[in-house]
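Quick notes on the structure that follows.
Only the coordinates and a few stated rules stand behind these numbers; no lab work does. Note that the structure is a prediction, hence the values are computed from the model and not measured. Note: ideal-geometry Cβ built from the backbone for every residue, glycine included; neighbour counts use all protein chains shown.
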Amino acid sequence: MQDILNKLRIAESNHGISTGLATWAGQGEEIASYSPVDGKLIGKVQSANRQDYDTVVGQAQEAFKTWRLVPAPKRGDIVRQMGEQFRKYKTELGTLVSYEMGKSLQEGLGEVQEIIDICDFAVGLSRQLYGLTMHSERPSHRMYEQWHPIGIVGIISAFNFPVAVWSWNTMLAWVCGDVCVWKPSEKTPLTAIACQHIIQEVLKSNDVPEGVSGLIVGGREVGEWLSHDERIPLVSATGSTRMGKAVGQAVGGRLGRSLLELGGNNAIIVSQHADLPLAIPAIVFGAVGTAGQRCTTTRRLIIHESIYEDVKNQLVKAYGQLRIGNPLDAHNHVGPLIDEAAVQSYQSAVAQVGALGGTFAVEPRVLSGDDFGSGCYVKPCIAEVENHWPVVQHETFAPILYLIKYKTLDEAIALQNGVPQGLSSAIFTLHLREAEQFLSQAGSDCGIANVNIGTSGAEIGGAFGGEKETGGGRESGSDAWKAYMRRQTNTINYGTTLPLAQGIKFEL
Ligand code: NAD
């Protein structure tokens with residue numbers, strides 16, 4: 001690991017603050033990053049105080065004046081070069097993601113692949129920031145709309161996708177002509193610093209102005225500064241619904257824009273017409289992948305009563321084969337939770353299930369022993385519950401899968417929609433009518449609705465996000481870029497008279 005830290009230039013510095021090219025140690029509190037894999041200290045970072053924060057935002061303001069004038073395809077080319085850098089450092093960054101956050105090495109590498117993919121997407125996008133033209137109702141007039149950069153984009157990210165979420169926002173924002181200030185999760189500061197190091201060479205060789213890529217390591221307080229800062233027209237925040245409500249209110253209070261990507265409570269409906277050999281692995285991956293710490297993790301399984309026992313038994317068997325342990329070992333399926341607080345949330349949720357009369361098809365357990373020294377490893381469990389129970393309505397960021405029985409598809413859809421969150425959903429069925437009903441306007445109310453694939457593992461090409469308490473934001477593919485720009489409607493009179501709209505006469 002030391003080798004990797006050296007290559008990513010983590011070991012040589014505890015610099016938590018950066019304006020793209022210049023980095024320095026902040027004057028705020030020290031943040032220590034311990035690996036949930038083995039409990040060892042990876043590094044310490046000096047976080048930002050208010051003065052550091054103002055320096056970074058000030059540099060971003062200056063940089064915006066120049067960056068917005070760089071032609072979009074040229075900005076795209078710089079993003080292309082960044083993609084090349086991430087290709088070069090994929091193994092090192094992927095390994096650090098795995099070690100600092102605790103997800104499997106495959107998933108760590110997959111997260112860096114997402115950065116590479118969004119870079120490629122953004123390069124193409126840099127030539128496609130299209131507006132529309134309209135026909136004016138007035139003679140000799142032309143109307144069109146164009147999209148301009150919005151300014152500084154503040155990015156607040158969560159621990160579970162410590163680098164991909166940054167890239168979804170930043171790569172699009174950069175080709176759109178914006179500059180970015182990133183506050184990563186205080187639980188994963190080192191991966192953030194590594195990203196800043198990886199792109200530095202590209203910034204330097206292209207004379208990109210200081211301040212295009214700001215990084216401020218710090219806790220909740222720094223996120224609050226961003227949310228209240230009128231210099232920041234857009235705050236893109238990924239994390240819990242609790243955090244999103246606070247950010248949404250703060251940004252809304254100053255009539256800024258927020259893009260919120262918050263918690264999910266994702267369900268799969270397993271119909272009696274499901275292809276079970278397809279469904280079972282999708283359910284298991286969705287429920288236990290990243291140790292249940294994905295916003296799109298499968299948390300609820302809504303199973304037709306006629307196949308309920310069969311599905312339950314198959315899942316119990318599959319869970320029996322799961323290997324839990326060091327996520328850097330490719331043989332293991334499930335790594336640790338992020339920290340001891342997450343283990344406590346898991347324990348509290350399973351205790352609530354027990355208290356409400358739920359039963360466990362696969363028992364929960366906190367694992368101990370030499371292989372689980374960090375104290376953050378838990379056993380993925382399966383509980384039989386009722387959808388309306390508070391613990392089921394709430395997102396617990398851990399591998400707990402809830403089983404619920406249904407009779408009719410209408411009932412299943414009502415159960416699937418009957419939670420406060422609206423991120424990802426899926427149905428397994430080979431019945432065309434069922435699939436179409438699920439996808440119809442009377443079907444799933446989520447931002448993502450899949451047929452015959454699970455709830456997690458979205459591709460970057462589609463717009464990513466969800467409804468209700470998930471916050472309503474969309475990131476990544478499709479036309480999500482529009483959130484990072486301001487729209488301007490233009491009317492040009494190339495005639496010799498001044499006709500007014502709506503036929504209004506005004507004669508002097
Ligand atoms: P969290 O809400 O605890 O923290 C997320 C970020 O918000 C951190 O950087 C934190 O410092 C900051 N923050 C916390 N309180 C804040 C406040 N009042 N003002 C400003 N910033 C504040 O979340 P977490 O534990 O890091 O991540 C897990 C959560 O993130 C889960 O709920 C998960 O579903 C969600 N998530 C959602 C998506 C999505 O795209 N919808 C993606 C990843 C994670």
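The stretch 333-351 and the stretch 364-410 have Cα centres spaced 10 Å apart. Annotation: aspartates and glutamates with alpha-carbon distance below 16 angstrom to Lys405 (same-chain offsets under eight excluded): Glu305, Glu309, Asp310, Glu384, Glu386.
Would you mind computing Rg(Cα) / (2.2 N^0.38 Å) for the stretch 186-279, counting N as its residues? All intermediate terms of the calculation are to be shown ahead of the outcome.
Numbers: Rg = 19.3 Å, N = 94, 2.2 N^0.38 = 12.4 Å.
Here the Cα radius of gyration is 1.56 times the empirical estimate.
Using alpha carbons only, how many angstrom separate the centre of the stretch 7-58 from the centre of the stretch 268-323? Their Cα centres are 40 Å away from one another. Convex hull volume per residue, computed on the Cα atoms of the stretch 266-451, equals 109 Å³. All Cα-Cα separations within the chain were binned at 20 Å from zero, giving a P(r) of 23, 51, 22, 3, 0, each value a whole percent of the pairs. Given their separation in residues at 0.36 nm each and the Cα-Cα distance between them, Glu62 and Glu507 gain 155.6 nm when the chain is fully extended. Taking Cα centre as origin and charging only the Cβ of basic (Lys, Arg, +1) and acidic (Asp, Glu, -1) residues, the dipole magnitude of the chain rounds to 980 debye. For the chain, the residue among Ser47, Ala60, Ser258 whose Cα projects farthest onto the positive side of the dipole built from Cβ charges is Ala60. Peptides 215-222, 41-48, 424-431, 97-104, ordered by how many other C-beta atoms sit within 10 Å of their residues on average, highest first, read 97-104, 424-431, 215-222, 41-48. Secondary structure note: in the chain, about 40% of the DSSP beta bridges are antiparallel. Once both labels are positioned 7 Å from their Cα atoms along Cα-to-Cβ, the gap between Arg323 and Glu201 label points is 3.5 nm.
The charge dipole of the stretch 169-214, taken about the Cα centre with unit charges on the Cβ atoms of Lys, Arg (+1) and Asp, Glu (-1), comes to about 180 debye, rounded to the nearest 20.
Taking the C-alpha atoms only, the angle from helix 50-67 to the longest principal axis of the chain is near 60 degrees.
Each stretch of four or more DSSP H residues adds -39500 (n - 2.57); spread over every residue of the chain, this sum gives -11500 deg cm²/dmol at 222 nm.
For a straight C-alpha distance cut-off of 16 angstrom, the aspartates and glutamates reachable from Lys505 (same-chain residues fewer than eight places away being disregarded) are Glu137.
Summary of packing: across the peptides 181-192, 359-370, 111-122, 481-492, the per-residue average of other C-beta atoms within 10 Å ranks them, highest first, as 181-192, 111-122, 481-492, 359-370.
Separation of the stretch 74-112 from the stretch 211-251 is 24 Å, based on Cα centroids.
From most to least packed by mean Cβ count within 10 Å, the peptides 288-298, 321-331 give 288-298, 321-331. Axis of helix 241-253 versus longest Cα principal axis of the chain: the two differ by about 20°, to the nearest ten degrees.
Positive end of the charge dipole of the chain (Lys, Arg +1 and Asp, Glu -1 on Cβ, about the Cα centre): tell me which of Gly124, Gly108, Gly358 has its Cα farthest that way. In the chain, that residue is Gly124. Annotation: extensible slack from Arg365 through Lys74 equals 99.4 nm (criterion: 0.36 nm per residue apart, minus Cα-Cα distance).
Of the residues Asn417, Asn313, Gly292, the one whose Cα sits farthest towards the positive end of the charge dipole of the chain is Asn417 (charges of +1 on Lys and Arg Cβ, -1 on Asp and Glu Cβ, taken about the Cα centre).
Looking at the stretch 266-451 alone, DSSP beta bridges between its own residues are antiparallel in about 20 percent of cases. Only lysines eight or more places from Lys40 in sequence, or on another chain, were considered; those with a Cα closer than 25 Å are Lys7, Lys90, Lys103, Lys183, Lys187, Lys379. Rounded to the nearest 20, the Cβ-based charge dipole of the stretch 266-451 about its Cα centre (Lys and Arg +1, Asp and Glu -1) stands at 80 debye.
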